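The values are calculated or read from the model by the stated rules, or taken from the named source; none is laboratory data. None of the values given here were measured: they were computed from a predicted structure. All Cβ positions, glycine included, derive from the backbone under ideal geometry; neighbour counts span all protein chains shown. Keep in mind that these areas ignore ligands, DNA and RNA; they rest on the heavy atoms of the full protein, side chains included. Shrake-Rupley method; radii C 1.70, N 1.55, O 1.52, S 1.80 Å.
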Amino acid sequence: MSTPLADTTNPDLGLLYAVNGLAKRSPEWLDHLVSWIGEYGILIGLALLGLVGWLQARRRPDAPVAVAGLLWAPLATAIAELANLPIAAIVDRPRPFVDHTGLDVLVEGKAGTHSFVSDHSTMSMGIAVGLFLVNRKLGWIAGGLALLQGFCRMYMGVHYPTDVIGGFALATAVVLLLAPIAMAVLVPLCHALSRTAVAPLIRAPRGGPRGGRKRGGARGGVRADEQPPESDLAA
C-alpha cells in the first residue's frame, strides 16, 4: 500500500522525502556524483584511511597493540554484516520506493533486496568506530564519512533514515561490545607476528646509523633496544 507524497505524519518517511527531494532539484551530474560516492567512493575513502592508520600504527611504541586494533575494524565490520543477515530476513523491510511513490531512485537493482538495516551504513560506521579506537583523528574523519554515507543512501532513495540509524547502531555495538574479546586474541597474535618474517607488517623497521649512540643512553633515558610501556590504544 503506497503512502502519498504529502503524508509527512511519519517522521521516518517525511525525512526520506525531504532528503531525496534534493535529488529532484539537483542537476544530473550531481546525482551521478552522489550515487558514485554513496555506492563506492566513501568505502574507498575509508579503505585509504585504514591504510594511513596502519602506516602510522607501525611507527607507534605500542605497534602490535595498535595494529591489532586496526585489524579489529574490518573484522568487526564483517561480523556486523553477518549479523545483519538474520536481522534483515526477520524484519523483511522492502526498499522505500517499493511501498511509496514519488521517490527519485538513483541506483538500479535494489528492488529485490532488504532495506533494513543499511549495509553501506553498517560498513562505514564499523570502520569509523574501529579506527576511532586506535587513532582519534582518523576516527573523526571516518565518522564524518559514515554520516555522509547515510545521507547519500537517503538521497539516492534506497534507504529510510531508520535503516541508516540501524546500521550505525549495529556496527557500533559489534565493534565496542566484542572489542575486549577480539583484542585478547589479536594483541598476542600481533606480538607473535612481530617476531617473525612478517614483522614489518606489524612494526616499522627502525632507522638510524650503525654503531651510533643509543638514544637516551647517556642520560638514563630509554635505550633504543628497550620497549617503552604500551600506551592506550587510541592516539
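Where helices (runs of 4 or more DSSP H) sit wholly within the stretch 56-168, those with at least 1 residues that are among the aliphatic types (A, V, I, L, M) and surrounded by 24 or more Cβ atoms within 10 Å (Cβ to Cβ) occupy 63-91, 119-134, 136-155. Residues that are surrounded by fewer than 20 Cβ atoms within 10 Å (Cβ to Cβ) and either part of a helix (DSSP H, G or I) or on the phi > 0 side of the Ramachandran plot (or both) within the stretch 183-202 comprise Met183, Ala184, Val185, Pro188, Leu189, His191, Ala192, Leu193, Ala199, Pro200, Leu201, listed in sequence order. Please find, among Ala173, Ala224, Ala235, the residue that is among the small types (Gly, Ala, Ser) and either over 18 Å from Asp62 (Cβ atoms) or at pLDDT 95 or above (or both). Selected residue: Ala173, the only one of Ala173, Ala224, Ala235 that is among the small types (Gly, Ala, Ser) and either over 18 Å from Asp62 (Cβ atoms) or at pLDDT 95 or above (or both). Among all residues of the stretch 9-19, there is none that is under 23 Å from Cys152 (Cα atoms), of a type in the set (Phe, Trp, Tyr) and under 24 Å from the mean Cα position of the chain (by Cα).
In the condition set (1) under 20 Å from Phe132 (Cβ atoms); (2) small (Gly, Ala, Ser); (3) open to solvent by less than 20 Å² (accessible area, probe 1.4 Å), Ala47 is compliant with all but (3). Residue pairs whose Cβ atoms lie under 7 Å apart, sitting 6 or more positions apart in sequence or on different chains, and linking a residue in the stretch 111-126 that is closer than 18 Å to Val34 by Cα to a partner that is open to solvent by 60 Å² or more (accessible area, probe 1.4 Å) and modelled with pLDDT of 95 or more, do not occur here. Which residue pairs have Cβ atoms under 6 Å apart, sit 6 or more places apart or on different chains, and have a first residue in the stretch 201-212 that is among the small types (Gly, Ala, Ser) and a second that is assigned to a loop (DSSP other than H, G, I, E, B) and modelled with pLDDT of 75 or more? Final answer for the pair search is Ala204/Arg58; Ala204/Arg59. When the residues of the stretch 183-212 are filtered to those that are touching a Pro at 6+ places or on another chain (Cβ under 7 Å) and of a type in the set (A, V, I, L, M, F, W, C), the one that is modelled with the lowest pLDDT is Ile202. Which one is farthest from the chain's Cα centre (by Cα) among residues in the stretch 81-125 that are farther than 23 Å from Asp31 by Cβ and of a type in the set (Asp, Glu)? Among them, the one singled out is Asp92.
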